[in-house]
C-alpha cells in the first residue's frame, strides 16, 4: 500500500484546516480536529459539493481516504507533535458508508510520519450505525489494532446510538449542542443521561461541539462534557502559529495530555466469536429446561420492553428457521420496527426484509445459530437477553424442549449483540419505484387513480420531490399540505428540500435534514414554521427516500403533521415541572440546576456567587387569622415585588412555603467585597417588602405588612455545592430571626 495511490485531483480537498478542542475545566488545548476545505485560503469552504460529486460517481471511499491521508500529512508537516509539551489529540473524520472499501485502512500508513506524542482519534458519525454495522465494526477493530482511539459524533441524533454506545465502545462521545437544543426536553434528558451513564461506566470523555456562546459553554459543562469545541473557543484555521492559542477562552493553553484518553481494560471490545448461547450460557450459574410455550411468554415480555423503550431500542432475534417467523411474528415485528431504531431477525431462509422495516439475515444450514432461539433487547438503560438451545425433539411443536437462561448483565448482552450485528453487512436493496409507478401492483390505471384521490383527500400533508442531479424539486403537494402552509398548491410546486415553504427552523435543523438528504436516509424532525398569514405552527416533518434500480434516490416523500398542540403541551409540562404554580417563579429544582451552571461559570471567570435565603416574618399568624386565600394572595404579591427588584442576570425562586431564594451572580472574587455587595442586595429587597400590601380579604380591603429575614452564603467561600450553600444560608437566616427579624445576616 502507498499513500500515493493515484486519485484524480478533483477528488482531493484543496487543503486542511484544524479546529482546536479545549478542556472545559481549564487545562488548555486538548487536541485538534482536521477539517477538509475547498476553495482558496482566502475563501475556504466545506467540501460539500466535492463529496456530493464523489458519491454520484461511486468514488466516495477514495475521497474519504484522501481527506484522512492529507490530514495526517498536514498535521505532521505542521509540527503538531513537536508543539505539544506532553501529548495532543488529532481527530480525523471517516465516512461510515465507505467502511467496507479497501481504501478504508490505507491511511493508517501515514502514522509513521506523525510524532508519537500525537494521539490519533478516528471520528465517525452515527448515521451508519444501523445501516452497515458489520463493516463498521470491522473498521473500528482494525483502527483500534493500529493504536487509534474512536470518537462517535452527533450522538443522540439517531436514537439507536444511545443503545449502541457500548457495542461500538467509543473513547470520546461528541454531542452537538446546536442539534441537541433543537430537540424536546425529554429527548435531551434521555441523551444526556444515556451518555453520562456510558461515560461513568467506561471512563469515556464527553465532547460538546457547536459552542458559540458562553451560555452554551455553561450548558456543555452542566451536561457532563469535559471537552469543548466551537467558534467561541477557536475557529478552524491552518495548522500554523500554534502558539497563538494563548490564554484565550481558558486559563491555560498548554496541551492537557491527550494520553489521558481512557485505555480500555481487556478486552478492548466485547468478543464477536461464539453464539449468544455460547457467550451467555457459559457464565450462567445454572441452565433451565422448558418447553416452547414458556419461552414464548419470555420472548413476548422482552419484545414489550423494546416497545416501552421506543425509538432508541435495538431488538435482535434468532428464529432457527424462517418457518418459525409466523404470520403473527410478521405483524408483531412489523410493529416493533415502526417503533424501534433497529429490529433484526436471523434464521435459515430468512428473507432480507421478513416484515416491513425488519432486517433479515439468512443462516446457512451448518451455522451454529440455527439451533438457537435468542431474543436480545438493548436500550440506553436496559439490556436483557433470552438465549436458548433446541434439544432436537421431534414431537409436537409446543412440546419441543430448550435449555435456556435469561440475563440482564449488560456486558453479556452487548457481547452477544455485537456478534450478531457483525453479520449485518448492509441494508437490503430497495425495489425500484418511481413516482408514476410507486409499487408494481399499482400499475393498473384504476388503482393508480384511487391512490391519487386518497392522497388528495388525506388529512396529513403530503409532498413528493423529484431528484434530478443536484436539484430536488417538489412535484406534488396535496390539499392538506396547502392548508397547513396556508399557500395554494401551485405555489408549493417547484420548491426544494428540506421544506417546501418558508420555515423559521434555524440552520442546525436544516443541517440535519440536508445531511440526511445527502446520505439518502429517512429523517424525522419537528420544526417551527410560519404560515402565509404569519401564524406560527410546529411541523413534524418526515422525509422518506424512494430508490431506483441503481440504488440512488429518485424521489423524496414528505409527510407533514401539525403537532403544535403536542409541542405546547410539552412546553407546559416542562414549565410546570420547573416552576411553582402559585407564584410562577422557578422552583427549587430549577434553582439548583441553574446554580450548578452558575458555579461553573464563576469558577471559569474568577467571580463569586451569593445565595440569599428569604423567610417571611410572621406569615403563619397572617395565614391563621385571614385564611389561606389571603395567604396565597400575599405570597403572590411578595413574588411580584421581589421580581421587580431582582436584576435580570440573577434568579429568584420559591423554595417552598413562605421561603424564597435569590441567586446573585457576577460578584467580586474577594470575600469581603462579595459580602458587602450581597448585603446591599439583601437590604434592598427587605426595604422593598417593608411597604404595606393592599389585598382583598373576606371583610374588605386589607393592608398587610410582610417583613423578611435574610440569610446569605457565598460561593466558593462558604461552600461549593448547592446543599452546602443552602445549609449555610439557612443558618444565617435563623441568625437574622434571632437578631430581631427584618434583617440580613451573612454566613460565618
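We did not get these values from a lab; they are worked out from the coordinates using the rules stated. Remember, predicted model here, so these are calculated numbers, not experimental data. Here Cβ is always computed from backbone atoms with ideal geometry, including for glycine, and neighbour counts include all displayed protein chains.
What ranking of 734, 476, 333 emerges when the number of other C-beta atoms within 10 Å of each C-beta is taken as an exposure proxy, fewest first? Present the calculation step by step, with values, prior to reporting the outcome.
Numbers: 734 14, 476 20, 333 25.
Least crowded to most crowded, the residues run 734, 476, 333.
Over every pair of different alpha-carbon atoms in region 660-739, take the mean of 1/r and invert it; report that Kirkwood radius in Å. Working shown, then result.
Values: mean 1/r = 0.0698 Å⁻¹.
For region 660-739, inverting the mean 1/r across all distinct Cα pairs yields 14.3 Å.
Tell me, what is a quarter of the convex hull surface for the C-alpha atoms of region 540-612, in nm² with one decimal? Don't skip to the answer; put the middle values down first.
Values: hull surface 38.7 nm².
Averaged projected area of region 540-612's Cα convex hull equals 9.7 nm².
Taking every Cα atom in region 276-421, find the radius of gyration and the maximum pairwise distance Dmax, and write them in Å.
Every Cα atom of region 276-421 included, Rg and Dmax give 14.0, 40 Å.
Going by how many other Cβ atoms sit within 10 Å of their own, how do 547, 628, 560, 555 line up, fewest first? List each step's numbers first, then the result.
Numbers: 547 16, 628 9, 560 25, 555 20.
In order of increasing Cβ crowding within 10 Å: 628, 547, 555, 560.
Do you know the relative contact order of region 579-746, to the nearest whole percent, from alpha carbon pairs under 8 angstrom that are 6+ apart? Let's see the in-between values first.
Working: 302 pairs, mean separation 46.9, N = 168.
This gives 28 percent for region 579-746.
List 412, 696 from most exposed to least, where exposure is judged by having the fewest other Cβ atoms within 10 Å.
Numbers: 412 24, 696 11.
Exposure proxy ranking, most exposed first: 696, 412.
Taking every Cα atom in region 579-746, find the radius of gyration and the maximum pairwise distance Dmax, and write them in Å.
15.9, 55
Based on alpha-carbon centroids, what's the gap between region 133-171 and region 301-322 in Å, whole number please?
Region 133-171 and region 301-322 have Cα centres spaced 22 Å from each other.
Would you give the gap between the C-alpha center of region 223-238 and the C-alpha center of region 600-669, rounded to a whole Å?
Distance between centres, Cα-based: 36 Å.
Given the C-alpha centroids of region 519-572 and region 678-738, what is the distance between them in whole angstrom?
50
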